[in-house]
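The values are calculated or read from the model by the stated rules, or taken from the named source; none is laboratory data. A quick note: this is a predicted structure, and the numbers were derived from the prediction, not measured. Cβ coordinates were reconstructed from backbone atoms using ideal geometry, including for glycine residues, and neighbour counts include every protein chain displayed.
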Amino acid sequence: MENSGSYEKIHHKIHHRFVATILCFALIPLFVAGFGIYYQFADIYRARVLESLRTLAENRRNAIDLFLEERVSQLSALVYTQSFGQLKNEEYLNRVFTLLQARSKSYLDIGIIDHDGNHVAYVGPYQLKGLNYRNEEWFHETMLRGTYISDVFMGFRKFPHFIIAVMRREGDTSWILRVTIDTDIFDSMVKAAQVGQRGDAFVVNRQNVLQTTPRFGGELLSVAPCPSFPRFAGTQVREMELDGTKSLVALTWLKNKDWLLVIREDPPENLVPLFRARFLAMILMGAGVLVMVLGALLVSRSMIRQLEKSEREKAMLDASLVQSSKMAALGKLAAGIAHEVNNPLAVIKEKVGWIHDLLSEEDISGSENYKEFDDAVRKIDYHVDRAKKVTHRLLGFARRMEPIREQVDLNRLVSETIDFLKNEAHYRNIEIVTHLDPGLPTTISDSSQVQQVVLNILNNAIDAVGKSGTITLATRFIEEDRELAVTISDNGPGIPAELIDRIFDPFFTTKQYGMGTGLGLSISYSIVEKLGGRITVSSEPGQVTTFTIYLPQVNDLSV
């Protein structure tokens, strides 16, 4: 019952370790591949999101640049096709403005300013005629550059706006055509780049002042919620904090004006498909893990059942080997008894015949004890014959143990023998190390009896080690003697020097009382001698004990 419980514990350990090993080797590649694919997909998707944001910013920048270019082109064509004298007439200027409005609804008003900065003609909703702009920044920039697009400013209107002004030199004088752009239309053009519930788009100038009203945080003409950036070429897409929230931000400078277009997107909104893919990947990975766990459990249980079956078969085989060992011992004992008994029986038989002759030749028939003498002699003769028959049967049994002759691969035989006791050694935490000569030749011998010898000595070595030790088996070919040698060494307690000469004696054992019969080594010794070989033993107490089996190398079955 104890052995059954121990084996059950071992099987449980094997089961758990096997399942853990399978899951380790199966799940690690699964997780590595899963996370690798997910992160690669995440990188690709993130790159696409950033590229999409970059494209959105560039398209919106191009649209704003085109809007401003078209307005500048319209005003330039008007200035260079009309004279100052014509345009300072407000009725004529009103017709021109009406025509402009018909083509574009982006203008709020129009005015003509002479070279001294006087507003000589005006069409629009404000009372601006007669004002002087000599001290205004936009007036000097226009006179200097010829064409000027201003930042958003308050001006005389006390309301945020920006203008486009074009100067023309006519003779000795210069004059300016100025229009005010509808900021609502311009804002709507910028806000068209807003994407999602948290998306935003706005324009700032070089001083980082808002030129349009952002969707979240900040007002027109206030400092923008983003840091200031120097002018750069192209479009930059980066991740930064705006209003304390991480955002994906695209930055691009307009071509015709020192304005920076800022487009902001909320990462979670853009990465929703990625989060869905991650969730789906986690579900699939979880399902894969569940399938692998169930598979590992089923495979492990199947292997444990096979192991239990193998151990049962091994137990039966071990029992058969033990029985064979007992029978071999009995055979040797029977042969010894038969030979020892036959000799005195022969003497007794001879003496009985002599006494019988004496009884028939001497004149003692008249003796009153004659009949008793004759009856005793006859009975002795009868029982001698009976005893001889018993010894003959014993000799017949012993002769059945004679070896057979067959091809023997000693390396394979040693390996197979180790398999018989592998589980026992594993259970006792004993390591069995082999050094088998790959060039070892075969020989002609009795494989069953050689295996019985190796098994007996290996079993003794396991018993000697007890627990947590090492047993080493090695084979080699001694070419000069034409012998095959098998050495079996263990690091058990060893054999005392005074006992080493007695270990092959029948019924001699160093094991505890009841643990051994003392016949295993004597049987092994007789078997090896019968096969034409020999066994030697050497021992260093507390260090190593080595048994060496020598078998002759025979190639001819007829020898």
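Filtered by the rule that a residue be at pLDDT below 90, farther than 14 Å from PHE504 by Cα and in contact with a Lys or Arg (Cβ under 7 Å, 6 or more places away or on another chain), the stretch 515-553 gives a lone residue, GLN553. Only one of the numbered conditions (1) without any contact (Cβ under 8 Å) to a residue 24 or more places away in the chain; (2) hydroxyl-bearing (Ser, Thr, Tyr); (3) surrounded by 15 or more Cβ atoms within 10 Å (Cβ to Cβ); (4) within 17 Å of VAL262 (Cβ to Cβ) is violated by SER222, and that is (3). If the condition is being in contact with a helix residue (DSSP H, G or I) (Cβ under 7 Å, 6 or more places away or on another chain), among the hydroxyl-bearing types (Ser, Thr, Tyr) and closer than 18 Å to GLU406 by Cα, then the stretch 444-482 contributes only SER447.
Here is a yes/no grid of residues against (1) modelled with pLDDT of 75 or more; (2) out of contact with any strand residue (DSSP E or B) (no Cβ under 6 Å at 6 or more places or on another chain); (3) assigned to a helix (DSSP H, G or I); (4) not hydrophobic (A, V, I, L, M, F, W, C):
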site: VAL377; (1), (2), (3), (4): no, yes, yes, no
site: TYR382; (1), (2), (3), (4): yes, yes, yes, yes
site: LYS388; (1), (2), (3), (4): no, yes, yes, yes
site: LEU394; (1), (2), (3), (4): no, yes, yes, no
site: MET401; (1), (2), (3), (4): no, yes, no, no
site: GLU424; (1), (2), (3), (4): yes, yes, yes, yes
site: SER448; (1), (2), (3), (4): yes, yes, yes, yes
site: VAL454; (1), (2), (3), (4): yes, yes, yes, no
site: ALA461; (1), (2), (3), (4): yes, no, yes, no
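Taking the stretch 172-193 as the range and being under 60 Å from the mean Cα position of the chain (by Cα), crowded, with 17+ Cβ neighbours inside 10 Å and touching a residue at least 60 places away in the same chain (Cβ under 8 Å) as the test, the residues that pass are PHE186, MET189, VAL190, ALA193. Within the stretch 445-464, can one find any residue that is surrounded by fewer than 17 Cβ atoms within 10 Å (Cβ to Cβ) and touching a Lys or Arg at 6+ places or on another chain (Cβ under 6 Å)? No; the residues of the stretch 445-464 include none that is surrounded by fewer than 17 Cβ atoms within 10 Å (Cβ to Cβ) and touching a Lys or Arg at 6+ places or on another chain (Cβ under 6 Å). Within the stretch 360-371, is there a residue that is modelled with pLDDT of 70 or more, in the same structural domain as LYS388 (by TED's automatic domain parsing) and more than 60 Å from the chain's Cα centre (by Cα)? Among the residues of the stretch 360-371, at least one is modelled with pLDDT of 70 or more, in the same structural domain as LYS388 (by TED's automatic domain parsing) and more than 60 Å from the chain's Cα centre (by Cα), which makes the answer yes.
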